[in-house]
DNA sequence: CGTCCTCTTGACGGCTTTCAATAAAAGTGG
DNA sequence: CCACTTTTATTGAAAGCCGTCAAGAGGACG
């Protein structure tokens, strides 16, 4: 079995969205129809570079990837960890130029989606268009939470928040996942995600271990005391309750 | 004249969106029809509190407001400054509970929009639904830029970026605005937006003044050297070029 | 089996915060 | 319009969190 998740149903995206909303078969087919042929990337591969011309987005079928921006001084800010079922590179819907780089953190499989083909979705399936809008709002809230994390919490809290957010998102697609999971980020990558240096990430990870909140073996992470970790992190799990009640009815 | 912008056309939202896309009269009417009667708030008024039940969003007709979250230790992270023409509280499209507090920074006028009424927009005007989605993606990019600012740049750069982002957004609705504008944030609010303390904001503002990049008089800010300020800030102006070409045609 | 990457640890330095005190400005009520 | 209070801006000194630099160990990979 693939450690980092993989396609189970006809489309990974349909499976993910099925957790938020009961899709009709026509809707599922509509989503599936806009996905192009799957592409495979090896760990470390650059999928898209900031400032590249970008006319397509991607659905993550398996594996993890990172989106990031580079600053003038060479430092890197990781914007988000992308897991199976995620859509990545959505910003091409607003800009012709890629606003972020995408790199494969593990071996990944992606399905490309032409941004031009999104318009069919909005025209033929208004409910799906509204769902995409709803998901975009949820992603904005997630970014806002990270903004508060970087702006107003300590180094230890930021690392703890990254761990908790990752496990919460993994559980959306894998309900059986409890406290232990593969976590393939280097400490430098954790630092680039949390606005810290690799050295200080190391110290904070060891502190969390010494306090009995987490355990590490190789790239495997185990959460030992999730409640206390959430307190340390100031973490709010938002993935539980999306409100889809206001969406229009599916097209018949 | 209102210093902080105000309604000029029939709807402030329609005017704003008209800068991105040429709306048909039916589309403009559709937007206008979902707006409820205008509400007025005094400076400092709390419009919505985090965790309140939230079923409506707002269009800013005039004035400025802030969205923010409070952390357990009482510290505050300002998520965004909201200017005339902005939609605020959109996260209610994804959550029934408000994810952020909204407070009036100046006297403001808002038009409420029931989130349930958005569904008509998606059904009857797919292009408008797609436009809302597009704007949400642009807002995600803006949040990502701020994430990089807080995570990877110095205090001085963060303050400079806030100033530049504000003036760039003001210019969207007010093309004549050049270098001087009213900036009603206290140094504490600037700090809460940039993840700094008020004391350090003060030092950074003075440094920017001493370096001849900005000037201050009362709440009026003047940018003296925008290019150098942008270098200091590591700032990218994204508000210039949104790609609306992929949107479906307007409904006839 | 050598090279490169990653993790780890210590010492030191700096950016930012904290604490404190004062001045200036704004708001309030008589 | 003037006292009075509260908020905001300013400045200095000291402390602390995190970054930088450096060096060594362990592991992955070819």
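The values are calculated or read from the model by the stated rules, or taken from the named source; none is laboratory data. Computed from a predicted structure; not experimentally measured. With ideal geometry, Cβ positions are generated from the backbone for all residues, glycine too; neighbour counts draw on all protein chains shown.
Quick check on my filter: what residues within segment A:217-239 are at the interface with chain B (Cβ under 10 Å from one of its Cβ atoms) and closer than 30 Å to residue B:121 by Cα? Result: A:238, single match.
Filtered by the rule that a residue be surrounded by 15 or more Cβ atoms within 10 Å (Cβ to Cβ) and farther than 30 Å from residue A:115 by Cβ, segment B:229-249 gives B:229, B:232. When residue B:5 is tested against (1) at positive phi; (2) modelled with pLDDT of 95 or more, only condition (2) is not met. For residue A:166, the criteria (1) free of Cβ contacts under 8 Å to residues at least 60 places away in the same chain; (2) in contact with a strand residue (DSSP E or B) (Cβ under 7 Å, 6 or more places away or on another chain); (3) surrounded by fewer than 19 Cβ atoms within 10 Å (Cβ to Cβ) hold in every case but one, which is (1).
Could you identify the single residue in B:81, B:118, B:71, B:147 that is closer than 25 Å to residue A:119 by Cα and in contact with a helix residue (DSSP H, G or I) (Cβ under 9 Å, 6 or more places away or on another chain)?
On the way: B:81 fails: closer than 25 Å to residue A:119 by Cα; B:71 fails: closer than 25 Å to residue A:119 by Cα; B:147 fails: closer than 25 Å to residue A:119 by Cα.
Result: B:118 is the single residue among B:81, B:118, B:71, B:147 that is closer than 25 Å to residue A:119 by Cα and in contact with a helix residue (DSSP H, G or I) (Cβ under 9 Å, 6 or more places away or on another chain).
Is it true that residue B:206 is outside the structural domain of residue B:64 (by TED's automatic domain parsing) and surrounded by fewer than 17 Cβ atoms within 10 Å (Cβ to Cβ)? Answer is yes for this residue. If the condition is being more than 12 Å from residue B:33 (Cβ to Cβ) and surrounded by fewer than 24 Cβ atoms within 10 Å (Cβ to Cβ), then segment B:116-126 contributes B:116, B:119, B:123.
Does residue A:32 fit the bill of being modelled with pLDDT of 90 or more and buried (at least 18 other Cβ atoms within 10 Å of the Cβ)? Judged against the criteria, residue A:32 is not a match. Elements of the type helices (runs of 4 or more DSSP H) sitting completely within segment B:135-232 and holding at least 1 residues that are more than 16 Å from DNA strand D (Cβ to nearest atom) and at pLDDT 95 or above: these cover B:155-173.
So how many residues does segment A:102-118 have that are within 14 Å of chain B (Cβ to nearest Cβ) and within 14 Å of residue A:87 (Cβ to Cβ)? Give the steps one after another, and end with the answer.
Filtering segment A:102-118 for residues within 14 Å of chain B (Cβ to nearest Cβ) gives A:102, A:113-118.
After this cut, where a residue has to be within 14 Å of residue A:87 (Cβ to Cβ) as well, the list is A:102, A:113-115, A:117-118.
The qualifying residues number 6.
Within segment A:201-229, residues that are farther than 12 Å from residue A:161 by Cα sit with their Cβ atoms under 7 Å from residues that are loosely packed, with under 13 Cβ neighbours inside 10 Å, at 6+ positions apart or across chains, in these pairs: A:224/A:212; A:225/A:212.
When each of A:22, A:16 is tested for being over 20 Å from residue A:103 (Cα atoms), more than 20 Å from the chain's Cα centre (by Cα) and at pLDDT below 95, the lone residue that passes is A:22. All of B:167, B:141 fail the test of being within 20 Å of residue A:95 (Cα to Cα) and within 14 Å of the chain's Cα centre (by Cα), apart from B:141. Taking the criterion of being under 16 Å from residue B:59 (Cα atoms) and more than 7 Å from every other protein chain (Cβ to nearest Cβ), the residues of segment B:119-155 that qualify are B:121, B:128, B:131, B:135.
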